[in-house]
1. Within the range 336-374, which residues are among the basic types (Lys, Arg) and buried (at least 19 other Cβ atoms within 10 Å of the Cβ)?
2. Name the residues in the range 324-377 that are in a strand (DSSP E or B) and of a type in the set (Asp, Glu), would you?
3. State yes or no: is Asp278 loosely packed, with under 11 Cβ neighbours inside 10 Å and either part of a helix (DSSP H, G or I) or in contact (Cβ under 8 Å) with a residue 40 or more places away in the chain (or both)?
4. Kindly evaluate Thr106 against the criterion of being within 22 Å of Ser161 (Cα to Cα), surrounded by fewer than 12 Cβ atoms within 10 Å (Cβ to Cβ) and at pLDDT below 75.
5. State all residues of the range 127-144 that are within 31 Å of the chain's Cα centre (by Cα), exposed (fewer than 15 other Cβ atoms within 10 Å of the Cβ) and at pLDDT 75 or above; if no residue qualifies, say none.
6. Looking at the range 397-453 only, could you name the residues that are closer than 19 Å to Leu69 by Cβ and in a loop (DSSP other than H, G, I, E, B)?
7. Would you be able to tell me the number of residues in the range 379-414 that are without any contact (Cβ under 8 Å) to a residue 40 or more places away in the chain and among the β-branched types (Val, Ile, Thr)?
Amino acid sequence: MSFREKLLDLKKRLSDRKMYSIVIVVIAAVAIWGITQYRHSGELRQQLDNQYNRAFFDMTGYVHNVETLLMKSLISGSSTMTASTLQEAWRQANLAQTNLGQLPITPVVLENTSKFLTQVGDLAYSLNNQSMSGKPLNEQQYKTVQQLYTYAVNLGKNLNSLQGQLTQGRIKWSALANKGTRLFKKTSSQMPMSQFENVDKTFKDVPKLIYDGPFSDHLTGLEPKGLTGNNITADQAKQSVNNLFPGQKIKAITSSGRNDSGMFKTYNFKVTFNGAPDKQYANVTITQKGGQVLWMLYNRPSAAARISVEQAKAIGKKYLEDHGFKGMADTYYLKEDNTATVNYAYKQNNVVIYPDLIKVKIALDNGEVVGLETKSYLSAHTARTIPTPKISMQQARAAISARVNVLSSDLAIIPTDYKTELFTYEFKGKFNNQDFLVYINADTGKEENILMIVNTPNGILTM
């Protein structure tokens, strides 16, 4: 082969290698671009799914609120209470309607459900105006509200089922249209079809739902009434911490600083225990004035339950008595992670004082108290002058709808959103297999509040 031919052959081979390299680079670039686009598409789909999930879960919550509020309006014997309850039902139905419109389901599928929410809102607003003028629901209106409540219950159950499938990943939003068709058609067949007058709607201030036991998060005063005595030193507060753990082998109590602002000025401590891992410790806050425990939480896990909730209630009551909180009675509780959190309210002369509330958390493996919160009690507790009711128990009972079954009654003091207290009769009853509490003012006979009792596998709560 001549020298010229050798040069041409070398040039050809270099050219082939160059083209080969270029092809490889192009293929790699396309692959990287494709992977990037795929990932970006996946992120967008996830963001969209998150938006759908949020809208769906919010809608489910609003539907359940509508259900609860419609039941309260059926229980209420007061036009004023009926008005405020229906006003809130109207608002919650509108919020449910807004979130419903954000779901990837065709409008035809949602037509009857959307119509139901619209009718709840329109009827609730119309009856609210009627009730505000002092006119109670007539028999036909009462039956209509009952029909709407029944549909809300059925819709809520089906939404819960669908929510469970979404949470567990058994159904995706891409497949929800067909599933939604069957779901909403099934429930909408029970919906009342009558139309209600569409009126101009103006939102006003409405009451809030109350959870975790009645009146547990009431507004507190600017000056805690339950704090008495002189200011104590940090060393004295440390001794108060030591007294919280009887029988425990405390390893060390170390200061976590102090808080000199806010309603409660406190000393803060971290407590470690012999034989426990370093990550298991207790945080405690002690008030500078009076040396009262404001908050304690021991973060150890609780093993399998060996004691019942009833036993835990007795343990919590004795613990409070041993630490100076006398006259406390358990009210409601929540059981989770093998612990029971029990609400205790103060009783004076057999009157339940709900503002004076303490929460105690008891481990169900050995009955050890692992949590304590006294903020409400220390904010409101004082020796009260309890008056004689101006109306009798029978007169108060007459203020409650005759349609409900009253099971028991007591006297109770409840807080308001205006930092005041009301002296009331507390009636416990049942309506349509739903437990409830009604509070009638012991001086005026006014229906002050209605709470629904929610019996769950993990406890008794109210809303």
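1. Listed by number, the residues that qualify are Lys359, Lys361.
2. Asp330, Glu336, Asp356, Glu373, listed by residue number.
3. no
4. On the way: within 22 Å of Ser161 (Cα to Cα): yes; surrounded by fewer than 12 Cβ atoms within 10 Å (Cβ to Cβ): yes; at pLDDT below 75: yes.
Yes: the conditions hold for Thr106.
5. Selection gives Lys143 alone.
6. Ile400, Ser401, Arg403, Val404, Asp417, Asn432, Asn433
7. Counting residues in the range 379-414 that are without any contact (Cβ under 8 Å) to a residue 40 or more places away in the chain and among the β-branched types (Val, Ile, Thr) gives 4.
Table: residues versus (1) among the charged types (D, E, K, R); (2) surrounded by fewer than 18 Cβ atoms within 10 Å (Cβ to Cβ); (3) modelled with pLDDT of 75 or more; (4) not in a helix (DSSP H, G or I).
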position	(1), (2), (3), (4)
Thr36	no, yes, no, no
Gln46	no, yes, no, no
Thr85	no, no, yes, no
Arg91	yes, no, yes, no
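The values are calculated or read from the model by the stated rules, or taken from the named source; none is laboratory data. Bear in mind the structure is a predicted one, so any value in this text is a computation, not a measurement. Quick reminder, even Gly has a Cβ in these numbers, built from the backbone with ideal geometry, and neighbours come from all protein chains shown.
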